[in-house]
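Okay, structure first, notes after.
The values are calculated or read from the model by the stated rules, or taken from the named source; none is laboratory data. These numbers come from a predicted model, not from an experiment. So basically every Cβ, Gly included, is an ideal-geometry build from the backbone, and we count neighbours across all protein chains shown. Surface accessibility is based on the protein's heavy atoms, side chains included, excluding ligands, DNA and RNA. Shrake-Rupley method; radii C 1.70, N 1.55, O 1.52, S 1.80 Å.
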Amino acid sequence: LQLFPEVSFFLQFVLKHKEFAHLREVKMFPNALNPHKEESRALVKAMIDQVMALHGDIKWFHIGCDEVYYLGEGEESKQWLQQPGNTPEKLCLSHIKAVASCVASSYPTVTPIVWDDMLRGISEETLAESGVPQLVQPMIWDYAADLDVEGKVHLIEKYRRCGFSKVWFASAFKGATGVNQSLTLIGHHLKNHLQWLKVASNSPADVLEGIALTGWQRYDHFSVLCELLPVAIPSLAVCLQALENGGYSEKTKENVEKLLGMPNLETETFMSTSVGTFPGSNILTLVTQISFYLKSSVDELLERNRYVTGWFSPYHRKRKIIHPIILHHFQPDAVSLLSKWHAVVQDLQAAMEQVFHKCTVEEWMEENVQPSLQKLQQVVDDLDEA
């Protein structure tokens, strides 16, 4: 089990800054780098050097290069593509080759890895002629529970014919199931890994270098947070054990439960009925509580309670009027509910601050807690004023 760095997050985290905006492929979009500028290569080289300074003993270096949707749409690229024989595929391959060559020349013991999605549709002849297969190992990614095993086997065969010596697989133990997902559906990710095991068993034994279990924190640099790492540790444990044991049996499940201190681990629902003893399990318990019950309990009170909808509607709240008898029917419930959720949120905030930077805690709370909590707080305040 090893960790290795990746030097890309669609390069959005660099290209969003005005200091680097001139290096964008398309002026409006910070997703892709202009491959024609010398300064672009210098930027990538500087990033590689910075990562290597922190991870000097690594064997592999992931240079990214996935989902480069706007490559070829910049002005310089359009001019380049007008020249005879030039194609968007060759433009992509020439940039991959330049970055991989940079790694190879500066760090000869390190093998570059590249996401494979930009390579899948390129012909075998073009791939073979590019020289890229001798420089990188492709990482084939698919995060679906029902990934096409036969299709992946054929893809591996294609890459072998092109000259790639080894391939990687990329699965996911969290993320990939919803951009604002707060809880991890373990069953989805377990099925994904079981499918990858089938791909491995149907491929030549010497072709697979390894599998990377990706754990998404965001879908891209500008999206909201998806599942927090502590929430997904049971999923990671299940997926690792499935890979370790070549499948997932009742015995494997019992082993995972023992390791996590969770006697009743659910894989087919989001709901975990047991509290674990693994580090971060308190965050999982509290996030589960909030995800299942905060919004629903507030909505139940404010939208489905007849005393609120009938006697303390927005019309009444704006004018600060309420029948005194009606007040006693639901004010205690509202105050009690608010007090309960404040206590849960305080516990979660304290637990998260042990693990995450303050800005992460703030963002997660604003996205997942504050909308419902503020609605509840406002109705309690309006009751007091009325």
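Let me see the pair-distance distribution of segment 142-277: every alpha carbon pair, 10 Å bin width, integer percents in order.
12, 39, 31, 15, 2
If I take R0 = 45 Å and measure r between the Cβ atoms of Glu150 and Asp384 in this structure, what FRET efficiency does the formula 1/(1 + (r/R0)^6) give, to the nearest 0.05?
Working: r = 65 Å, r/R0 = 1.44.
The formula returns an efficiency of 0.10 here.
I'd like the Kirkwood hydrodynamic radius of the chain, using the inverse of the mean 1/r over distinct C-alpha pairs, in Å.
Numbers: mean 1/r = 0.0414 Å⁻¹.
By the Kirkwood definition, the hydrodynamic radius is 24.2 Å.
Which residue, Ala343, Ala21, Ala98, tops the fluctuation ranking in a GNM of the chain built on C-alpha contacts under 10 Å?
Ala343
Considering only DSSP beta bridges with both partners in segment 142-277, what is the antiparallel share in %, to the nearest 5? Before the final figure, lay out each step's value.
On the way: 1 of 8 bridges.
Counting DSSP beta bridges with both partners in segment 142-277, the antiparallel share is about 10 percent.
Could you work out what % of the accessible surface of segment 1-127 is carbon and sulfur, using a 1.4 angstrom probe and leaving DNA, RNA and ligands out of the count? Display every interim value, and only then the final one.
On the way: 3770 of 6810 Å².
Here it works out to 55 percent.
What translational D, rounded to a whole number of µm²/s, comes out for segment 249-294 from Stokes-Einstein when the hydrodynamic radius is the Kirkwood one over Cα pairs, at 37 °C and 0.692 mPa s?
Working: Rh = 11.1 Å.
Taking Rh from Cα pairs, D becomes 295 µm²/s.
For helix 324-353, report the angle its Cα long axis makes with the longest principal axis of the Cα atoms of the chain; keep it between 0 and 90° and round to the nearest 10°.
30 degrees
Using every pair of alpha-carbon atoms in segment 1-127, split the distances into 5 Å bins beginning at 0 and state the percent of pairs per bin, rounded to integers.
Calculated P(r), rounded to whole percents: 2, 10, 20, 23, 20, 14, 7, 2, 1, 0.
Gly210's amide H: which non-local residues (gap 5+, or another chain) put their own amide H closer than 5 Å, with H modeled 1.01 Å from N in plane and none for Pro or chain starts?
Placed amide hydrogens put Phe169 under 5 Å from Gly210.
Taking the 0 to 90 degree range and rounding to the nearest ten, how far is the long axis of helix 358-368 tilted relative to the main principal axis of the chain, both from C-alpha atoms?
It is inclined by approximately 60 degrees.
With a 1.4 Å probe and every protein chain kept in, tell me what percent of the accessible surface of segment 251-343 is carbon plus sulfur. It would help to have the intermediate numbers written out before the result.
On the way: 3180 of 5450 Å².
For segment 251-343, the apolar C and S fraction of the accessible surface comes to 58 percent.
Return the FRET efficiency for the residue pair Ser106, Lys166: r is the Cβ-Cβ distance, R0 is 25 Å, and the value is rounded to the nearest 0.05.
Details: r = 21 Å, r/R0 = 0.85.
Once rounded, the FRET efficiency stands at 0.70.
Using the Karplus curve 6.51 cos²θ - 1.76 cosθ + 1.60 with θ = phi - 60°, work out ³J(HN,Hα) for each residue of segment 103-115 in order, rounded to whole Hz, and write x for Gly and Pro.
5, 4, 6, 8, 9, x, 8, 9, 9, x, 10, 9, 4
Of all DSSP beta bridges located in the chain, what percent are antiparallel, nearest 5? All intermediate terms of the calculation are to be shown ahead of the outcome.
Numbers: 3 of 20 bridges.
Roughly 15 percent of the beta bridges in the chain run antiparallel, per DSSP.
Given the alpha-carbon gyration tensor of segment 199-256, what are the semi-axes of its equivalent ellipsoid in whole angstrom, ordered largest first, with each equal to the square root of 5 times an eigenvalue? The partial results should precede the final answer.
Working: eigenvalues 136, 74, 9 Å².
Working through the eigenvalues yields semi-axes of 26, 19, 7 Å.
Could you compute the FRET efficiency for Ala205 and Lys18, with r as their C-beta to C-beta distance and R0 at 41 Å, rounded to 0.05? Show your work: numbers first, answer last.
Working: r = 51 Å, r/R0 = 1.23.
So, using R0 = 41 Å, E works out to roughly 0.20.
Does anyone have the angle between helix 229-245 and the longest principal axis of the chain? Alpha-carbon axes, 0 to 90°, nearest 10?
The answer is roughly 50 degrees.
Under 8 Å for C-alpha pairs, at least 6 residues apart: give me the relative contact order for the chain, rounded to a whole percent. Present the calculation step by step, with values, prior to reporting the outcome.
Numbers: 526 pairs, mean separation 39.6, N = 386.
10 percent.
Between Pro371, Pro234, Pro30, find the one with the highest GNM mean-square fluctuation for the chain; connect C-alpha pairs within less than 10 Å.
Maximum fluctuation in the GNM of the chain, among the listed residues, is at Pro371.
Give me a comma-separated list of calculated 3J(HN,Hα) values for segment 250-260, in order, Karplus coefficients 6.51, -1.76, 1.60 applied at θ = phi - 60°, integers in Hz, x for any Gly or Pro.
4, 5, 4, 4, 4, 5, 4, 4, 5, 4, 8
Roughly how far apart, in whole Å, are the Cα centres of segment 20-95 and segment 294-351?
The two parts, judged by their Cα centres, are 53 Å apart.
Please list, ordered by chain and number, the residues whose modelled amide H lies under 5 Å from the amide H of Gln181; skip anything fewer than 5 residues away on the same chain.
Hits under the 5 Å cutoff: Glu227.
Show me, for segment 131-146, the HN-Hα J-couplings you get by feeding each phi into the Karplus relation (A = 6.51, B = -1.76, C = 1.60, θ = phi - 60°), rounded to Hz, glycine and proline as x.
x, 5, x, 7, 10, 10, 10, x, 10, 7, 10, 6, 10, 7, 6, 10
Evaluate 2.2 N^0.38 Å with N set to the residue count of segment 272-386, then give the Cα radius of gyration divided by it.
Numbers: Rg = 16.5 Å, N = 115, 2.2 N^0.38 = 13.4 Å.
Relative to the rule-of-thumb radius for its length, segment 272-386 sits at 1.23.
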